[in-house]
């Protein structure tokens, strides 16, 4: 009887353990579910009078959590404060400055850069074709306008274009790429016109991201990066794999660093994409041909889809630097690579010498894309119907500018050269003046439109500001005291313990000199104040 | 002892049951997880020489499965075939027709509608401000252009605008809405300019969708619907809740049907959004004021966020029909509703009398949106920097057209009236001629730009075509035989066993007559052939 009683006790203990485990599992799964569900249970009961006490359907608690995670420093809190300050100035409120200078964003025309006359003449003709009878317009602008209008439904910019873009524009883009790349062929069917490069980049990432948990797509992006990438990845719930550019070596890219980042990432995601920005944003470096070749080899070996953001391809200033397109280098590496490596390259009308940001135009070229996926891409872009047609017109003119024998050539050439020369001059000046400031070090601005100098921040500035990145504190103070709007390095990513800001080189030369002098003065007083 | 042995047996049975349940739960959860992973395991091993045998990174198997699910009939296979046919005609290949007529999409200018002179003059002035010195432009076009350019950074359309849109344009939109709605106030801060209405709709849905499994956001859309909605929901992996419009009652919306659809959907998702298209696309109905009030009450009672697609607000043709905005009706229902119901309304420059699709412009007004969510919305739209600026200019002119005392008024008024009168005439004609065809029945085209007639298909046509919807088979055959491009009803959704097509009323009157005659003839011969 004692034995039997004992055996009963053991059995009861087993039962209790099983019941306990079972209940625990149910509890865990319900808690987990509650955590995953961002949609809280309704907080009210529906009654006849419930309308009066109805809560919001859409709140921070119920909204898409991926959207909540998105950050975009280039238009973040510092820019909102800059806009407020501008309004306060307008209202006559006294400030230590008379003007807010927005050096936060590559917005060329807003900084006084003039549009290219030829582009705007053709655009005016396309908008209002009655002007085709006007003698003040050079004959070549009219020829262009007529050709473009003929390619538009009903001869009007007001018609939808094909989803991939107007056919003749895609043909012109293909010819432009062939010329740029020394004759390497480009198929217009591989060209997709976009609403600015941002649209192309987010569309491609949307196509590339899949999987859940540790099978989620990992996307390699440089640090510092242009925050469109991190924002798009957050929105898509993709995994960001950061690789660091080497600040000591002029923000160059080392394959060892890529390898290191990739290996670590394989533990928690499935890396599939490698994004490169060349010339660099925010870092202004121009990649060497050798480096591009190394990156392509790495992508081939590691089975990565390459995304090359080449929107600054005409913005190269430093002696000895040249822009090499990923496509050209890929094809020069032979068919072992050029037949296989999947690449998409982005370009835009917003940068280079034209700086036409407001038109939101650009293109992407896909290379070696699986034909079935291309069908899916074409379907995906068809949902937004078409890119803005005025932007398509502008892009056509950018890739197909006046020829030397045409009447608009001289003015076009002079305007383009003057803008690029001015940018080169401002790049040199920015680097030189910033490097004179004790506590600021700055790599050469080899290309693009930005400098990303490193700033030494005094210990008290780093220590005292809870909940705000020290460089955000620095930039906010600079804005309040001088009216100069920069973006803190933390918005782009930087190595722990280092601080930077991004500044455009776009303000007119005279104003840029003042901006740089003010930054110098501010940095010195800030350092004294917080040392 | 017998008792004790018996009690032991019971205990063992309990234990077995618990173990069984426990194992079953673990199995279920692992299977569920496997199904969620859309990323198949890698099919190749990396070796030194792997580059040569490297498979594609991006394939149908590895791409985003949500993108794969997207369908968009308005630009689907039938349109691709239409483009092919056009090219074949150009190459001189003989067809039973000499021209492809695209009645598949509301592309007004492509169908010969002329742009409004005032709009295009101001756009030309803004593109090329040297024209401000030209005497051929009326003074009011110059005043407008100067005012808009002053609101652009650096006085250029090439600058980025604020992410929400140019401030004065948003102010003008707000005044337009106030005037339209009989003085009900509109705050410019609630206006977001968009890249066409499609952009606004997808942005709002992106914000609204959250949750997993049975807590996933459910979005109610009408059937038939405009396929942008189903495409956006597929991309966001949201749950589509279909409610049917009543074809027997001129495609009207009954709250009973909403209730029915909502209750069924609560079993498998969390319904949070109700989308309405008024005037209807593809169905052409105009909702009565009473119906809108009923819908608002329903949304209030059921805690639904209202999305009102009102892009056809000027396209109302039928006697006794009027456009009532959801905003106006909401505010006329008193503060019990107007303080609470969350609403977003969309408008566009692509439709109405202007039909400027290519400029990709529009706006949305958010009403009663949680201020914290508005901050998130503003952040989200800032990632795409800004809507195209030429489109913003156009939108400004649409909401702020010439006043009777201004020089451009007369021409503007005449052009607008002529276009709207022509559309009304074509709406009547389409309905009348189609209803004369045996086997085709067609509701009145009260508004918008489409008819969605029901077609009786003969049994052999329904039975024999495997893998292709019978109405797709019908439309494809129509295209091949007549060159007329329509969209099959299956692309919009329809009750099982019924068949339709969508056709725009946009071709010029003479051509529309021919199109309708050809459809009549085709329908008769098709019916004979497959009976």
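The values are calculated or read from the model by the stated rules, or taken from the named source; none is laboratory data. Keep in mind that what you see is a predicted model, and the values were worked out from it rather than measured. Quick reminder, even Gly has a Cβ in these numbers, built from the backbone with ideal geometry, and neighbours come from all protein chains shown.
Being farther than 18 Å from residue B:128 by Cα, within 31 Å of the chain's Cα centre (by Cα) and either without any contact (Cβ under 8 Å) to a residue 12 or more places away in the chain or not in a loop (DSSP other than H, G, I, E, B) (or both) is the filter here; which residues of segment A:138-166 pass it?
none
With (1) more than 10 Å from chain B (Cβ to nearest Cβ); (2) in a loop (DSSP other than H, G, I, E, B); (3) surrounded by fewer than 22 Cβ atoms within 10 Å (Cβ to Cβ); (4) touching a helix residue (DSSP H, G or I) at 6+ places or on another chain (Cβ under 9 Å) as the list, and residue A:132 as the residue in question, which single condition is left unmet?
(2)
I'd like to check something: does segment B:396-405 contain any residue that is at pLDDT 95 or above, at the interface with another protein chain (Cβ under 8 Å from one of its Cβ atoms) and not in a loop (DSSP other than H, G, I, E, B)? Steps first, please.
Kept after step one, since they are at pLDDT 95 or above, are these residues of segment B:396-405: B:396-405.
Those still in the list that are at the interface with another protein chain (Cβ under 8 Å from one of its Cβ atoms) too: none.
Scanning segment B:396-405 turns up no residue that is at pLDDT 95 or above, at the interface with another protein chain (Cβ under 8 Å from one of its Cβ atoms) and not in a loop (DSSP other than H, G, I, E, B).
Within segment B:245-257, take every residue that is touching a residue at least 40 places away in the same chain (Cβ under 8 Å) and closer than 27 Å to residue B:207 by Cβ and give me the one that is surrounded by the fewest Cβ atoms within 10 Å (Cβ to Cβ). Talk me through it step by step, then tell me what you get.
Of all residues in segment B:245-257, those touching a residue at least 40 places away in the same chain (Cβ under 8 Å) come to B:245, B:247, B:250-251, B:253, B:255.
From what's left, closer than 27 Å to residue B:207 by Cβ: B:245, B:253, B:255.
Details: B:245: 24, B:253: 23, B:255: 14.
Ranking the qualifying residues of segment B:245-257, first place goes to B:255.
If residue A:67 meets every condition in (1) in a loop (DSSP other than H, G, I, E, B); (2) crowded, with 21+ Cβ neighbours inside 10 Å apart from one, which number is that one?
All conditions are met except number (1).
Tell me, please, whether a residue that is farther than 19 Å from residue A:170 by Cβ, outside any helix (DSSP H, G or I) and more than 14 Å from every other protein chain (Cβ to nearest Cβ) can be found in segment A:368-382.
Step one: of segment A:368-382, the residues farther than 19 Å from residue A:170 by Cβ are A:370, A:372.
From what is left, the residues that are outside any helix (DSSP H, G or I) are A:370.
Filter once more, keeping what is more than 14 Å from every other protein chain (Cβ to nearest Cβ): none.
No, every residue in segment A:368-382 fails to be farther than 19 Å from residue A:170 by Cβ, outside any helix (DSSP H, G or I) and more than 14 Å from every other protein chain (Cβ to nearest Cβ).
The rows are residues; the columns are (1) buried (at least 17 other Cβ atoms within 10 Å of the Cβ); (2) more than 16 Å from residue B:453 (Cα to Cα); (3) modelled with pLDDT of 95 or more.
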{"site": "B:487", "(1), (2), (3)": "yes, no, no"}
{"site": "B:490", "(1), (2), (3)": "yes, no, no"}
{"site": "B:497", "(1), (2), (3)": "no, no, no"}
{"site": "B:500", "(1), (2), (3)": "yes, no, yes"}
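Which of the residues that make up segment A:296-316 are over 21 Å from residue A:207 (Cα atoms) and out of contact with any strand residue (DSSP E or B) (no Cβ under 8 Å at 6 or more places or on another chain)?
A:297, A:301, A:314
Okay, residues lined up against (1) within 12 Å of chain A (Cβ to nearest Cβ); (2) modelled with pLDDT of 95 or more; (3) within 19 Å of residue A:384 (Cβ to Cβ); (4) assigned to a helix (DSSP H, G or I):
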residue: B:125; (1), (2), (3), (4): yes, yes, no, yes
residue: B:136; (1), (2), (3), (4): yes, no, no, no
residue: B:168; (1), (2), (3), (4): no, yes, no, yes
residue: B:184; (1), (2), (3), (4): no, yes, no, no
residue: B:189; (1), (2), (3), (4): no, yes, no, yes
residue: B:200; (1), (2), (3), (4): yes, yes, yes, yes
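Across segment B:203-226, what is the total count of residues that are facing chain A (nearest Cβ under 8 Å) and either closer than 25 Å to residue A:387 by Cβ or not in a helix (DSSP H, G or I) (or both)?
The number of residues fulfilling the criteria is 7.
Of the residues in segment A:319-353, how many are buried (at least 18 other Cβ atoms within 10 Å of the Cβ) and not in a loop (DSSP other than H, G, I, E, B)?
So the answer is 14.
Report every pair of residues separated by at least 6 positions or lying on different chains whose Cβ atoms are under 9 Å apart, first residue within segment A:258-270 and more than 21 Å from residue A:291 (Cβ to Cβ), second at pLDDT below 95 and surrounded by fewer than 13 Cβ atoms within 10 Å (Cβ to Cβ).
From residues that are more than 21 Å from residue A:291 (Cβ to Cβ), the pairs are A:268/A:213; A:269/A:213; A:270/B:42.
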